[in-house]
Amino acid sequence: MAHTNPSPTLTTTPKNHPIYTDFLAQNLLQDPVLSHILNDLPWHARPSATYHLLRTQLLLAAHKARALFVCATPTFSSIPTLREVKDLDPRCCAVVLPPGETLMDIGMLGRVNVLTSSASSGWWNLLPTLGFYFAAWKKYESEYLGPVEAVKASVFREGETFYSVMVMATAEAQRGKGLARKVLGKVLERARREGKPVWAEASSTSRGFYAQCGFEDVGEAVVLGRRCVEGKETEDVLVFPMVLWPEGYCRRSNKA
């Protein structure tokens, strides 16, 4: 009798276990945005810096258990126990901020807690290139977060809240199987029930996927700079702000 692979379970948890950073770092090494942010680092330092940049982002997002970690995995329950999370074998993972939350809005004490947690996760591996890493983080804040937050301010009314897809990745061997759509669908279903928009920041490669899921472009694309491949500049690195609006939602007027 032929055996078929079981459908993946979609797990959702507010717990930020290291498995999520490990998975995202492994599968976003070629991400054009991260590559641009880290292109001033020596090539041999970029994998470690990618890990620590993502870990810092996830620690910020998970402050006070506010983020949602949605994962497609072959086994386990939809709300995994701590023991199960340690044994998760992610196929696709998304980190989502709920309505009313932004990545950097955690206060000074929250930032101290994030730095303390980061320091206990192998920062010594970065010591030879620590200056490069901090420069990359400042670049991430100024060239990415700043312009993206400006677009958000132009799209949404003051006090308007929405879900925000912070980061999402699928294992290379699992791509083309519809896992990303299932993981994102879990978020969209929740947002629909609450009548909330969903915000996403798409790259040139993921823009089509988000459009197929019902997202539309809002504002202008954020131009991060020229992408470098083997020391040569190629096309612009673009970030496309996109939103999926609930049916009948009263949007902000661009003329307001």
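The values are calculated or read from the model by the stated rules, or taken from the named source; none is laboratory data. None of the values given here were measured: they were computed from a predicted structure. For neighbour counting, all protein chains shown are included, and Cβ atoms are generated from backbone atoms with ideal geometry for every residue, glycine included.
Taking (1) modelled with pLDDT under 95; (2) buried (at least 16 other Cβ atoms within 10 Å of the Cβ) in turn, Val165 satisfies each apart from (1).
Among the residues of the stretch 39-50, those that are part of a helix (DSSP H, G or I) and modelled with pLDDT under 85 comprise Trp43, His44, Ala45, Arg46, Pro47, Ser48, Ala49.
Filtering the stretch 210-221 to residues that are under 17 Å from Tyr163 (Cβ atoms) and free of Cβ contacts under 8 Å to residues at least 60 places away in the same chain leaves Tyr210, Cys213, Gly214, Phe215, Glu216.
Scanning the stretch 142-162 for residues that are hydroxyl-bearing (Ser, Thr, Tyr) and surrounded by fewer than 17 Cβ atoms within 10 Å (Cβ to Cβ) yields Ser142, Ser154, Thr161. From the list Glu194, Glu201, Glu172, Glu216, the lone residue that is modelled with pLDDT of 95 or more, under 30 Å from Thr73 (Cβ atoms) and either over 18 Å from the mean Cα position of the chain (by Cα) or surrounded by fewer than 13 Cβ atoms within 10 Å (Cβ to Cβ) (or both) is Glu194.
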